[in-house]
């Protein structure tokens with residue numbers, strides 16, 4: 001019996017197992033196509049970007065650990081890596097770009113001067129692949145971010161520079177969505193804050209609100225672009241106070257009809273973003289997710305299938321929120337094969353959503369509403385040992401991508417043939 005036959009046989013057995021709990025695995029395999037994940041381009045090159053040939057991380061609270069060989073040195077190599085990643089993933093994904101990844105033709109184009117033409121190559125690339133794009137203003141790694149403040153800076157020239165940058169990024173995002181026929185999400189995150197005691201928190205937050213109001217003044221059709229704002233508990237060099245806190249941005253999002261971006265690495269280690277999803281969606285139309293793995297604090301490790309990621313996925317599926325939650329990844333690890341990091345992290349996220357879809361929700365909810373809490377807990381535990389892996393392998397088989405551990409050999413070959421020769 002060959003591997004394909006083994007996968008199909010295992011799937012038939014798993015289908016009967018889940019059918020006993022009222023779960024239709026065939027429907028789940030089909031519904032997984034609704035889970036589109038926006039891959040973060042910056043994993044390919046450690047958030048360096050291509051503004052200039054010697055681009056390295058500068059000011060603004062971003063730090064990547066490791067120096068594994070094979071880092072993408074230019075946009076062609078980045079696209080090559082992204083194509084390889086997507087060839088190993090079931091389903092259809094999106095791509096999330098930062099503003100420092102434009103095609104600037106070897107010229108230094110400062111961020112308050114970027115235009116659609118610098119990203120038309122990415123739009124054409126995405127169109128050829130039938131995928132959508134998302135976008136981010138890059139308010140870090142720049143001399144005008146070195147003192148720790150951008151949109152909340154008390155230096156008016158600096159503040160105006162970053163307002164103009166965000167304005168231009170939003171215009172580029174809207175054009176991406178228009179040309180690709182899929183709304184592009186523009187996300188605003190800034191590193192602003194103080195390393196130590198700060199007496200004028202209010203002054204900086206008032207300036208941030210003013211800057212956002214100015215940057216968001218022009219409304220774009222929602223079928224082209226959506227605005228998101230992203231909070232953080234703290235950042236490198238902003239350990240004492242972060243201007244764009246969760247309270248600030250949640251209030252701003254609710255008042256101004258923006259998406260709130262929930263990055264599960266941006267909260268206190270005991271907070272659960274899965275618990276925040278249904279809370280925020282009572283008051284905002286949509287939520288943007290940045291899925292990562294914080295180890296102790298915000299360390300942006302590669303996503304794995306753990307309880308935290310599972311709760312996020314389960315909350316979305318249990319409440320039929322897929323059409324209201326935009327799913328993206330945000331981690332950067334240069335200590336291991338970067339393509340492998342992408343594939344492991346994306347597959348883990350997809351697997352969490354599949355496990356959530358395989359849950360016998362109707363039975364569990366009935367137990368809950370009738371006070372049968374032992375039965376609810378027991379069934380949740382029983383489902384952990386059901387043959388989820390067989391359904392996952394079948395989904396990969398249907399999508400003509402490597403099942404089980406076969407992707408490891410594919411990435412090892414790519415490392416030998418491509419990455420180590422850069």
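The values are calculated or read from the model by the stated rules, or taken from the named source; none is laboratory data. It should be emphasised that the depicted structure is a prediction, and the values quoted were computed from it without experimental measurement. Glycine gets a Cβ as well: all are built from the backbone with ideal geometry, and neighbour counts include every protein chain shown.
Scanning region 215-226 for residues that are over 21 Å from residue 142 (Cα atoms), touching a helix residue (DSSP H, G or I) at 6+ places or on another chain (Cβ under 7 Å) and not in a loop (DSSP other than H, G, I, E, B) gives a single hit, 225. Of the residues that make up region 267-275, is at least one in the same structural domain as residue 153 (by TED's automatic domain parsing), within 28 Å of residue 320 (Cα to Cα), surrounded by fewer than 18 Cβ atoms within 10 Å (Cβ to Cβ) and under 17 Å from the mean Cα position of the chain (by Cα)? Yes, because at least one residue in region 267-275 is in the same structural domain as residue 153 (by TED's automatic domain parsing), within 28 Å of residue 320 (Cα to Cα), surrounded by fewer than 18 Cβ atoms within 10 Å (Cβ to Cβ) and under 17 Å from the mean Cα position of the chain (by Cα). Filter region 126-140 down to residues that are crowded, with 17+ Cβ neighbours inside 10 Å, farther than 18 Å from residue 171 by Cα and out of contact with any strand residue (DSSP E or B) (no Cβ under 6 Å at 6 or more places or on another chain), then give me how many there are. Of the residues in region 126-140, 1 are crowded, with 17+ Cβ neighbours inside 10 Å, farther than 18 Å from residue 171 by Cα and out of contact with any strand residue (DSSP E or B) (no Cβ under 6 Å at 6 or more places or on another chain).
Got a sec? Which of 186, 165 is over 16 Å from residue 39 (Cα atoms) and either modelled with pLDDT of 95 or more or not assigned by TED's automatic domain parsing to the domain that holds residue 95 (or both)?
Details: 186 fails: over 16 Å from residue 39 (Cα atoms).
Answer to the selection: 165.
Residue 171 meets the stated requirement of being at pLDDT 95 or above and within 22 Å of the chain's Cα centre (by Cα).
Here is a yes/no grid of residues against (1) surrounded by fewer than 21 Cβ atoms within 10 Å (Cβ to Cβ); (2) at pLDDT below 95; (3) assigned by TED's automatic domain parsing to the domain that holds residue 242; (4) not in a loop (DSSP other than H, G, I, E, B):
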position	(1), (2), (3), (4)
5	yes, no, no, yes
13	yes, no, no, yes
18	no, no, no, yes
30	yes, no, no, yes
83	yes, no, yes, yes
91	yes, no, yes, no
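Take the residues in region 233-251 that are modelled with pLDDT of 95 or more and assigned to a loop (DSSP other than H, G, I, E, B); name whichever of them is surrounded by the fewest Cβ atoms within 10 Å (Cβ to Cβ). Looking at residues that are modelled with pLDDT of 95 or more and assigned to a loop (DSSP other than H, G, I, E, B), I get 245.
Only one of the numbered conditions (1) surrounded by fewer than 23 Cβ atoms within 10 Å (Cβ to Cβ); (2) in contact with a helix residue (DSSP H, G or I) (Cβ under 8 Å, 6 or more places away or on another chain); (3) at pLDDT 95 or above is not met by residue 254, and that is (2).
Give me a count of the residues in region 169-214 that are in a helix (DSSP H, G or I) and closer than 16 Å to residue 120 by Cα. Walk me through it before giving the result.
Keep residues of region 169-214 that are in a helix (DSSP H, G or I), which gives 169-180, 201-214.
In the following step, the residues that additionally are closer than 16 Å to residue 120 by Cα were identified as 169-180.
Number satisfying all stated conditions: 12.
Checked against (1) without any contact (Cβ under 8 Å) to a residue 24 or more places away in the chain; (2) in contact with a helix residue (DSSP H, G or I) (Cβ under 9 Å, 6 or more places away or on another chain), residue 45 passes all but a single condition, namely (1). Pairs meeting the criteria (first residue in region 299-316 and assigned by TED's automatic domain parsing to the domain that holds residue 365, second residue assigned to a loop (DSSP other than H, G, I, E, B) and buried (at least 18 other Cβ atoms within 10 Å of the Cβ), beta carbons under 6 Å, at least 6 apart or on different chains) are lacking.
Only residues that are assigned to a strand (DSSP E or B) and in contact (Cβ under 8 Å) with a residue 60 or more places away in the chain: list them for region 95-114, please.
Of everything in region 95-114, just one residue is assigned to a strand (DSSP E or B) and in contact (Cβ under 8 Å) with a residue 60 or more places away in the chain, namely 96.
Looking at this structure, is residue 44 more than 26 Å from residue 242 (Cβ to Cβ), more than 21 Å from the chain's Cα centre (by Cα) and crowded, with 22+ Cβ neighbours inside 10 Å? Quick ask: steps written out before the conclusion?
On the way: more than 26 Å from residue 242 (Cβ to Cβ): yes; more than 21 Å from the chain's Cα centre (by Cα): no; crowded, with 22+ Cβ neighbours inside 10 Å: yes.
Against the criterion (more than 26 Å from residue 242 (Cβ to Cβ), more than 21 Å from the chain's Cα centre (by Cα) and crowded, with 22+ Cβ neighbours inside 10 Å), residue 44 does not qualify.
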